[in-house]
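One structure is given below, encoded as structure tokens.
The values are calculated or read from the model by the stated rules, or taken from the named source; none is laboratory data. Just so you know, these numbers come straight off a predicted model, no measurement behind them. Note that each Cβ is placed from the backbone with ideal geometry, even for glycine, and that neighbours are counted across all protein chains shown.
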């Protein structure tokens, strides 16, 4: 019987920067990005895929990074909230969150921004229902949903 490898070399591109690390086979992507790559913008909320605080875009698809092992992301292109702003300038969506007071405590903000970014990339003019559906996988404990919805709607219009 052969031993199961406890770690694996993983190469990922995160926000345009390539990283190669030895990763424990059971480490979740959110923990890899936060602990190994020191990108702490994405938050750990539940580790069960319910809250959306850890949402990232992996190879163009929105994912909850607490539901994906880091080894499963080997070779992937990953976008985190740190990668949204370009040259220190907020995106229109980030500015809209500020303008519409959609930040409150800020814990859900990274996941909300990533979910809204994924939506707006595929559908630059979403309907109210499409915005609600895109954000439904994210929990805001401060109940700032209306302001978040309004921020996304303002950018999509």
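Tabulated data for the structure shown
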| item | result |
| --- | --- |
| Residue count, the range 91-107 (criterion: at pLDDT 95 or above, under 16 Å from the mean Cα position of the chain (by Cα) and either assigned to a loop (DSSP other than H, G, I, E, B) or more than 13 Å from residue 151 (Cα to Cα) (or both)) | 1 |
| Search result, residues across the range 127-144 that are assigned to a loop (DSSP other than H, G, I, E, B) and more than 15 Å from residue 155 (Cβ to Cβ) | 136, 137, 138, 139, 140, 141, 142, 143, 144 |
| Counted residues, the range 11-30 - those being out of contact with any strand residue (DSSP E or B) (no Cβ under 9 Å at 6 or more places or on another chain) and either modelled with pLDDT under 95 or crowded, with 21+ Cβ neighbours inside 10 Å (or both) | 0 |
| Filtered residues of the range 45-74 (kept if at pLDDT 95 or above and surrounded by fewer than 16 Cβ atoms within 10 Å (Cβ to Cβ)) | 59, 60, 61, 67, 72, 74 |
| Residue list for the range 139-157, restricted to those being closer than 21 Å to residue 51 by Cβ and surrounded by fewer than 16 Cβ atoms within 10 Å (Cβ to Cβ) | 141, 142, 143, 146 |
| Some residue of the range 31-39 being out of contact with any strand residue (DSSP E or B) (no Cβ under 7 Å at 6 or more places or on another chain), under 19 Å from residue 137 (Cα atoms) and touching a residue at least 12 places away in the same chain (Cβ under 8 Å) | no |
| Subset of the range 31-41 that is surrounded by 20 or more Cβ atoms within 10 Å (Cβ to Cβ) and in contact with a helix residue (DSSP H, G or I) (Cβ under 6 Å, 6 or more places away or on another chain) - its residue that is nearest to residue 108 (Cα to Cα) | 39 |
| Exclusive hit being out of contact with any helix residue (DSSP H, G or I) (no Cβ under 6 Å at 6 or more places or on another chain), crowded, with 19+ Cβ neighbours inside 10 Å and not assigned by TED's automatic domain parsing to the domain that holds residue 60, set 118, 134 | 118 |
| Meets criteria (touching a helix residue (DSSP H, G or I) at 6+ places or on another chain (Cβ under 6 Å) and assigned to a helix (DSSP H, G or I)) for residue 44 | no |
| Enumeration of residues in the range 108-126 that are under 17 Å from the mean Cα position of the chain (by Cα) and in a loop (DSSP other than H, G, I, E, B) | 108 |
| Checklist (1) in contact with a strand residue (DSSP E or B) (Cβ under 6 Å, 6 or more places away or on another chain); (2) outside the structural domain of residue 11 (by TED's automatic domain parsing) applied to residue 76, failing item | (2) |
